[in-house]
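Only one structure is covered here, and it is reproduced in the block below.
The values are calculated or read from the model by the stated rules, or taken from the named source; none is laboratory data. The structure presented is a predicted model; accordingly, all values stated were derived computationally and were not measured. For neighbour counting, all protein chains shown are included, and Cβ atoms are generated from backbone atoms with ideal geometry for every residue, glycine included. SASA here: full protein model, heavy atoms, side chains in, ligands and nucleic acids out. Shrake-Rupley method; radii C 1.70, N 1.55, O 1.52, S 1.80 Å.
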Protein chains: 2
Amino acid sequence: MKRVCLIVAYDGTNYHGWQAQSNAITIEQILNESLSKFLNEDIEVIGASRTDAGVHAEGNVAVFDTKTNIPPEKIGIAVNRTLPDDIVIQESFEVPKDFHPRKCDSVKTYEYRILNRRTDLPVKSRNTYLVYKKLDPDRMREAASYFVGQHDFRNFCSSHTQAKSTVRIIYSLDIEKENDEIIITVSGNGFLYNMVRMIAGTLVDVGLGRMEPEKIPQILATRERVFNVNKAPAKGLTLKEIEFEI
Amino acid sequence: MKRVCLIVAYDGTNYHGWQAQSNAITIEQILNESLSKFLNEDIEVIGASRTDAGVHAEGNVAVFDTKTNIPPEKIGIAVNRTLPDDIVIQESFEVPKDFHPRKCDSVKTYEYRILNRRTDLPVKSRNTYLVYKKLDPDRMREAASYFVGQHDFRNFCSSHTQAKSTVRIIYSLDIEKENDEIIITVSGNGFLYNMVRMIAGTLVDVGLGRMEPEKIPQILATRERVFNVNKAPAKGLTLKEIEFEI
């Protein structure tokens with residue numbers, strides 16, 4: 001028995017998120033089915049990040065246990081031939097038997113892409129959020145700086161979070177402008193349910209002048225759940241990378 | 001009667017190109033149907049660039065004649081509500097009655113996107129061409145410089161071109177590297193059938209070391225059709241912009 005780790009990329013448009021559900025197609029389910037068929041044993045993957053419906057990934061991480069003699073490095077390439085085009089395993093390799101991607105420290109990096117122009121561009125609309133009023137990236141950068149560090153993000157997660165603590169550390173939160181796109185890149189030691197989308201929604205509010213940047217530290221300092229923070233749509237969000245210390 | 005101009009963006013993945021055909025769905029056909037229904041008269045658009053199956057656009061141009069009293073500026077926004085998500089009119093405005101987008105001078109700009117990494121990324125695969133061996137952008141830049149200027153591009157178009165002359169001017173041809181993407185941007189006074197895809201295919205061959213940059217001027221100087229030039233796939237190509245002097 002060995003434990004194999006997968007780096008998985010997907011276009012989340014046609015899936016009800018990562019986690020297997022009884023009544024909807026999910027990434028986890030497709031991976032379980034394809035791996036089970038290919039390896040001829042019952043495979044159940046454990047995902048690092050249970051991304052929401054419509055969210056994309058370039059580097060989500062999953063592990064599974066297998067009895068196979070096939071070299072772990074070859075499993076990814078072989079299984080890609082049986083996967084739909086919108087899920088592609090980037091790499092596969094062996095990891096220690098006790099490695100659990102949700103139970104060890106990691107740095108996760110997400111990207112949120114905003115298309116800031118009057119009308120949508122079909123080629124970009126699958127993974128960008130169209131904001132048709134002019135955004136001010138400098139205001140957004142000022143607001144972003146307040147999120148960096150260790151904070152209680154209780155007002156930046158959906159109320160049905162299962163997390164015990166709502167304290168998280170954000171290592172960096174960068175705003176880049178590339179032509180008519182604004183790209184938010186955020187790295188942290190973990191993110192609460194909908195946290196990145198709520199940070200992105202807040203940055204959009206600031207960029208449109210609907211909120212002052214100085215409001216962010218006030219919300220972060222509040223010990224109660226009082227603020228109604230806007231949540232940006234799922235399709236703009238991509239899980240870029242998860243770094244572990246194995 | 002007035003002539004209205006449309007700037008049209010589309011994701012070409014699900015279409016058999018621009019030009020109306022009897023047995024396949026095309027961009028032109030969808031525009032004709034939606035405009036005819038909305039304006040309640042028979043509309044036939046004239047497109048500036050008859051893009052191939054699978055090619056995308058951010059700014060293709062089309063004109064049509066109409067008797068409507070609806071202000072031309074409002075037609076685009078209204079018709080967008082009746083169009084599928086993968087076709088979006090960016091702007092609509094009145095032009096002189098004799099303006100014909102294929103019969104006047106223009107500068108066209110195309111972008112060809114290459115994803116240069118070992119495995120494909122589903123979120124990017126609709127509008128990038130995956131080249132999994134390492135490309136050398138400096139070699140590609142050297143090769144690109146030979147294309148700029150007025151040349152006979154007879155070896156850089158498909159043999160069933162309808163053009164009388166195969167001489168064209170390329171004003172600029174730039175190679176940009178952004179992380180694992182290589183973006184080719186080319187502007188010219190016109191492009192022959194498959195010309196951009198054949199230039200992109202040649203630049204890939206040079207970038208992989210399969211062809212020397214100095215081979216380009218030799219091919220361009222040849223007065224016969226002798227060379228078999230690789231054609232990069234349609235999905236990496238986007239028509240970015242057409243500038244007219246109206």
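Considering the conditions (1) more than 14 Å from chain B (Cβ to nearest Cβ); (2) closer than 30 Å to B:ILE77 by Cα; (3) surrounded by fewer than 19 Cβ atoms within 10 Å (Cβ to Cβ), A:GLN150 is excluded by exactly one of them, (2).
Going by the conditions given, is B:GLU178 among the acidic types (Asp, Glu) and either under 22 Å from the mean Cα position of the chain (by Cα) or under 23 Å from B:THR119 (Cβ atoms) (or both)?
Judged against the criteria, B:GLU178 is a match.
Return the only residue of A:SER158, A:SER165, A:SER187 being under 22 Å from A:VAL107 (Cα atoms), part of a loop (DSSP other than H, G, I, E, B) and touching a residue at least 60 places away in the same chain (Cβ under 8 Å). Before you say what the answer is, go through the steps one by one.
Numbers: A:SER165 fails: touching a residue at least 60 places away in the same chain (Cβ under 8 Å); A:SER187 fails: part of a loop (DSSP other than H, G, I, E, B).
Within the list A:SER158, A:SER165, A:SER187, the selection yields A:SER158.
The residues in the stretch A:1-15 that are part of a loop (DSSP other than H, G, I, E, B) and under 21 Å from A:LYS108 (Cβ atoms) can be counted, and the count is 2.
One residue stands out among those in the stretch A:188-199 that are touching a strand residue (DSSP E or B) at 6+ places or on another chain (Cβ under 8 Å) and closer than 16 Å to A:VAL131 by Cβ: the one that is least open to solvent (accessible area, probe 1.4 Å), which is A:ILE199. Restricting the search to the stretch B:117-134, which residues are farther than 16 Å from B:ARG197 by Cβ and open to solvent by less than 20 Å² (accessible area, probe 1.4 Å)? Correct list: B:LEU121, B:PRO122.
Inclusion of B:ALA20 among residues that are free of Cβ contacts under 8 Å to residues at least 24 places away in the same chain and surrounded by 16 or more Cβ atoms within 10 Å (Cβ to Cβ) is warranted. Total residues in the stretch B:65-88 satisfying the condition of being over 21 Å from B:MET1 (Cα atoms) and touching a residue at least 40 places away in the same chain (Cβ under 8 Å): the figure is 6. Taken over the stretch B:30-82, the criterion of being within 18 Å of the chain's Cα centre (by Cα) and farther than 18 Å from B:VAL95 by Cβ is satisfied by B:ARG50, B:THR51, B:ASP52, B:ALA53, B:GLY54, B:VAL55, B:HIS56, B:ALA57, B:GLU58. Considering A:THR166, A:THR185, A:THR202, the condition of being of a type in the set (Val, Ile, Thr), modelled with pLDDT under 95 and either crowded, with 21+ Cβ neighbours inside 10 Å or in contact with a strand residue (DSSP E or B) (Cβ under 8 Å, 6 or more places away or on another chain) (or both) is satisfied by A:THR166 alone.
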